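**Student:** Here's a structure for you.
Every read-out reported here was derived from the displayed coordinates using simple, explicitly stated rules and does not represent laboratory data. Just so it is clear, the structure is predicted and the values come from calculations on it, not from any experiment.
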Amino acid sequence: MSAENKSPKETANPATDGSELIRFDGVTKRFGSNVVLDHMDFTVSSGKHVTLIGPSGSGKTTILRLLMTLLKPEEGTIKVAGDYLTHEEQNGKLVPAGEKHIREVRKKIGMVFQQFNLFPNMGVLRNITEAPVHVLGLSKDEAEERARELLEMVGLTEHIDKYPTQLSGGQQQRVAIARALAMRPQVLLLDEVTSALDPELVAGVLDVLRDIAHTTDITMLVVTHEMNFARDISDDVLMFDAGRVIESGPPEKIFSEPEHERTREFLSAVL
Ligand code: ADP
């Protein structure tokens, strides 16, 4: 479709226009005396796939949990698609965000966790339709149509009537991916999504994610120890060490010609 034929809604789609989708400004996160992030600045452009790598405890998951508002920063601001996640504007002043504001901004963000976190008392279809119906207000039919398309995308159409316990970990994780995408988020956060899986189930989940990365324009922020996967899908790789990004760049540079000694050490331990 040429640009002239696009409707204004499509041309203005913030998920695909390359503008800044995520912005951390001076974000500090502490747990007691442990300063995990120290005045961190960090941006992700829309449509990009950005992977966070680095040793355990370096603050990668904290970034994702701040975006999911599971944690709050002690200092600094976080913006998603132009809206403050941490704050809201009242009478021209920035004040800490209230629950209602947070819920609205969070609709733009989908997350898949290490431990699937499916609703155990709901079948596969309802796991996927629950939030689109109750949070977005889709009709049951619309939500089911969306869920069926996504189940086809993750290769689970024949399991639509099963319960989570009747599925393998890899299949449950693929349902969790479909469930996150059913909310049509602008950014998908993936937190070590294959770490809890038996080794033989990892490839199936990574194949689904590669497919999503290569065929959709969703922005992805990924924490992973799967370096080949990171190399395949990433536009940018950020190497974390002790709560700082010590090196960043395209995967071919970070993986083949890392500049920082810590990056070389880390990669030689995991590759
Ligand atoms: P990574 O994802 O790079 O492994 P994390 O972001 O999970 O690192 O953790 C960074 C640091 O924050 C670690 O020192 C960890 O112990 C600490 N941390 C993370 N979550 C909590 C928490 N809920 N309470 C106390 N400390 C935490």
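**Student:** Pairs of Cα atoms under 8 Å, at least six residues apart: use those to get the relative contact order of the chain, whole percent. Walk me through the numbers before you get to the answer.
**Tutor:** Working: 477 pairs, mean separation 62.5, N = 271.
Reported as a whole number, the value is 23 percent.
**Student:** Give me the lysines in straight-line cross-link reach of K79: C-alpha distance below 26 Å, same-chain residues under 8 apart excluded.
**Tutor:** K9, K29, K48, K60, K93, K100, K107, K108
**Student:** Given a 10 angstrom Cα cut-off, can you work out which residue in S195, S256, S45 is the most mobile in a GNM of the chain?
**Tutor:** Most flexible of the set in this elastic network: S256.
**Student:** Express as a percent, rounded to the nearest 5, the fraction of DSSP beta bridges in the chain (both residues included) that run antiparallel. Intermediate results must be reported in sequence, preceding the final value.
**Tutor:** Values: 24 of 41 bridges.
Rounded to the nearest five, the antiparallel share is 60 percent.
**Student:** Right, next: Gaussian network model of the chain, Cα springs within a sub-10 Å range: biggest mean-square fluctuation belongs to which of M220, M239, M40?
**Tutor:** It is M40.
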